[in-house]
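Accompanying notes for the structure given below.
The values are calculated or read from the model by the stated rules, or taken from the named source; none is laboratory data. Source: prediction; values computed, not measured. We place every Cβ from the backbone using ideal geometry, glycine too, and count neighbours over all the protein chains shown. When the accessible area is computed, the model is the full protein with side chains, heavy atoms only, and any ligands, DNA or RNA have been set aside. Shrake-Rupley method; radii C 1.70, N 1.55, O 1.52, S 1.80 Å.
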Amino acid sequence: MGKVEQLLQEKGIVLGKVPPAVATYVPARQVGNVVYTSGNDCRINGTLMLTGKVGADLTVEQGYAAARQVAVNLLAVLKEHLGELDRIKQVVKMLAFVNSAPGFTEQPYVINGASDLLVEVLGDKGRHARSALSANELPFDTPVEIELIVEVTEA
């Protein structure tokens, strides 16, 4: 078990099984030493932990929790793809969408849930550039969808 997985275990964070793709895509694609993940949502054991629009159906705090779960799911994708999370050299970029009610403008605070988790478990390697965008709808009514670009070391 690598250092990152050991830290996750100490914090009680469990990486679930990566669900099969629901359309024509792969969970991650690597080009050279860069891994691009597909968008992930806040599923736990195949079921969305929350649904709805942040700012109407859900609070910023609930959105933050959903974003945190998305980051856990992204780590599971990276673990499956890389075999070892210690191969992460740095998280380069996060692209995040928040299923937002009309007039809701606090997307950065929602997406901090994912960013904070990555820094919590990866330290400075988890610091990243980021876009936190509003979406009027997201697939399956998920409150948050996030994808990552990650630089990795050789296997």
Strands (runs of 3 or more DSSP E) lying entirely in segment 67-155 (those with 1 or more residues that are open to solvent by 40 Å² or more (accessible area, probe 1.4 Å), of a type in the set (S, T, N, Q) and more than 20 Å from ASP41 (Cβ to Cβ)): 88-99
When residues of segment 26-45 are limited to those that are assigned to a loop (DSSP other than H, G, I, E, B) and out of contact with any Pro (no Cβ under 6 Å at 6 or more places or on another chain), the one farthest from VAL150 (Cα to Cα): ASN45
Residues (among the aliphatic types (A, V, I, L, M), within 18 Å of LYS125 (Cβ to Cβ) and under 16 Å from the mean Cα position of the chain (by Cα)) located in segment 5-36: LEU8, ILE13, LEU15, ALA28, VAL35
Residues satisfying the stated conditions in segment 44-62, i.e. under 15 Å from PHE140 (Cα atoms) and of a type in the set (Asp, Glu): ASP57
Residue match in segment 54-62 (condition: acidic (Asp, Glu) and open to solvent by 50 Å² or more (accessible area, probe 1.4 Å)): yes
In segment 12-35, the residues that are out of contact with any Ser or Thr (no Cβ under 6 Å at 6 or more places or on another chain), open to solvent by 90 Å² or more (accessible area, probe 1.4 Å) and over 18 Å from ARG87 (Cβ atoms): VAL14, LYS17, PRO20, VAL22, THR24
Matching residues in segment 47-66 - criterion: being free of Cβ contacts under 8 Å to residues at least 60 places away in the same chain and part of a helix (DSSP H, G or I): VAL60, GLU61, TYR64, ALA65
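Residues are listed down the side, and each one gets a yes or a no for (1) hydrophobic (A, V, I, L, M, F, W, C); (2) out of contact with any helix residue (DSSP H, G or I) (no Cβ under 9 Å at 6 or more places or on another chain); (3) at pLDDT 95 or above:
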site	(1), (2), (3)
GLU10	no, yes, yes
PRO19	no, no, no
TYR25	no, yes, yes
THR37	no, no, yes
GLY46	no, yes, no
GLN69	no, no, yes
ASN73	no, yes, yes
